[in-house]
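**Student:** Before I ask anything, here is the structure I am working with.
The values are calculated or read from the model by the stated rules, or taken from the named source; none is laboratory data. Worth saying up front: this structure is predicted, and the values here are computed from it rather than measured. Don't worry about glycine lacking a Cβ; one is built from the backbone with ideal geometry, like all the others, and counts go over all protein chains shown. The protein model used for the area step is the full one, side chains on, heavy atoms only, and it has no ligands, DNA or RNA in it. Shrake-Rupley method; radii C 1.70, N 1.55, O 1.52, S 1.80 Å.
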Amino acid sequence: MFTKTKMKNLKAFALLLYALLAFSSCKKEDRSNERLLCKVNGKTCKPADSDPKYGRDVSAHLIDEGKIFYLDAYQEGTRQTVSLSLLLDREVSQGIYTLDGGKQTAEFLDAGKGLKFRTQTGYTGTLEILKLDKATNTAQGRFSFTAKEQSTAATAEITEGSFKLQYTNY
């Protein structure tokens with residue numbers, strides 16, 4: 001026969017067992033920083049911003065009836081921003097785009113050092129849009145580029161770029 005004390009202990013044990021099983025079986029990886037990843041001059045860049053009111057780590061937009069695609073990522077600690085933009089005469093769709101500094105461009109801003117690198121003649125890259133789902137407003141792709149800083153002639157290598165995120169329509 002169970003006494004009151006034994007019942008309390010049994011309930012406590014059952015609750016502890018339930019909690020252990022619930023938390024151990026639902027191990028969920030935090031991949032929030034992996035919506036956009038790339039390497040900047042060989043160093044991994046994981047966008048992050050802790051400003052709850054104005055901050056943003058990654059943003060993407062499809063603008064002007066789908067003719068403009070814009071993506072930028074900010075890394076708070078280094079104050080670096082990577083941005084890509086396509087300005088087309090037609091709707092943006094899956095495909096490979098050359099980032100040459102004209103209407104299809106990429107930039108790397110190092111605000112900590114006051115430097116702005118931009119794709120231009122001789123310093124180009126590619127943006128491959130693998131998926132652009134207008135029903136769910138999601139985009140997925142890869143990118144890489146070499147950009148030149150105008151005043152110093154220094155270059156920045158952005159490699160192994162990938163993104164999978166939701167975009168906003170304007």
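**Student:** Any residue in segment 148-158 that is farther than 15 Å from LYS39 by Cα, touching a residue at least 60 places away in the same chain (Cβ under 8 Å) and either open to solvent by 70 Å² or more (accessible area, probe 1.4 Å) or of a type in the set (Asp, Glu) (or both)? Outline the logic, then answer.
**Tutor:** Step one: list which residues in segment 148-158 are farther than 15 Å from LYS39 by Cα, which gives 148-154.
Then keep just the ones that are touching a residue at least 60 places away in the same chain (Cβ under 8 Å); that gives none.
The answer is no, given that none of the residues of segment 148-158 is farther than 15 Å from LYS39 by Cα, touching a residue at least 60 places away in the same chain (Cβ under 8 Å) and either open to solvent by 70 Å² or more (accessible area, probe 1.4 Å) or of a type in the set (Asp, Glu) (or both).
**Student:** If the requirement is being in contact with a strand residue (DSSP E or B) (Cβ under 7 Å, 6 or more places away or on another chain) and under 17 Å from SER144 (Cβ atoms), which of these qualifies: ALA73, ALA60?
**Tutor:** The unique qualifying residue is ALA73.
**Student:** Among the residues of segment 130-147, which ones are touching a strand residue (DSSP E or B) at 6+ places or on another chain (Cβ under 6 Å) and either farther than 15 Å from LEU37 by Cα or not in a strand (DSSP E or B) (or both)? Talk me through it step by step, then tell me what you get.
**Tutor:** Within segment 130-147, the first condition is being touching a strand residue (DSSP E or B) at 6+ places or on another chain (Cβ under 6 Å), and the residues that meet it are 130-132, 137-147.
Hits for segment 130-147 are LEU130, LYS131, LEU132, ASN137, THR138, THR146, ALA147.
**Student:** Which members of segment 87-129 meet the condition of being over 20 Å from LEU37 (Cα atoms), in contact with a Lys or Arg (Cβ under 7 Å, 6 or more places away or on another chain) and among the polar types (S, T, N, Q)?
**Tutor:** The one that is over 20 Å from LEU37 (Cα atoms), in contact with a Lys or Arg (Cβ under 7 Å, 6 or more places away or on another chain) and among the polar types (S, T, N, Q): GLN120.
**Student:** Something else now. Picking from LYS103, LYS134, LYS113, which residue would you name as being open to solvent by 70 Å² or more (accessible area, probe 1.4 Å), basic (Lys, Arg) and touching a residue at least 40 places away in the same chain (Cβ under 8 Å)? Before the answer, list the steps.
**Tutor:** Numbers: LYS103 fails: touching a residue at least 40 places away in the same chain (Cβ under 8 Å); LYS113 fails: touching a residue at least 40 places away in the same chain (Cβ under 8 Å).
Selected residue: LYS134, the only one of LYS103, LYS134, LYS113 that is open to solvent by 70 Å² or more (accessible area, probe 1.4 Å), basic (Lys, Arg) and touching a residue at least 40 places away in the same chain (Cβ under 8 Å).
**Student:** Considering only segment 111-153, how many residues are aliphatic (A, V, I, L, M) and closer than 12 Å to ILE96 by Cα?
**Tutor:** First, pick out the residues of segment 111-153 that are aliphatic (A, V, I, L, M): 111, 115, 127, 129-130, 132, 135, 139, 147, 153.
Restricting the remaining residues to those that are closer than 12 Å to ILE96 by Cα gives 127, 129-130.
So the count comes out to 3.
**Student:** Filter segment 94-129 down to residues that are small (Gly, Ala, Ser) and part of a strand (DSSP E or B) and give me whichever is nearest to GLN166 (Cα to Cα). Let's see the steps before the verdict.
**Tutor:** Quick first cut of segment 94-129, residues small (Gly, Ala, Ser) only: 95, 101-102, 106, 111-112, 114, 122, 125.
Imposing the further condition that a residue be part of a strand (DSSP E or B) reduces the set to 95, 106, 125.
On the way: GLY95: 18, ALA106: 20, GLY125: 23 Å.
Once the filter is applied, the top-ranked residue is GLY95.
**Student:** Return the residues of segment 65-91 that are open to solvent by 70 Å² or more (accessible area, probe 1.4 Å), of a type in the set (Lys, Arg) and farther than 13 Å from ALA111 by Cα; say none if nothing qualifies.
**Tutor:** Selection gives ARG90 alone.
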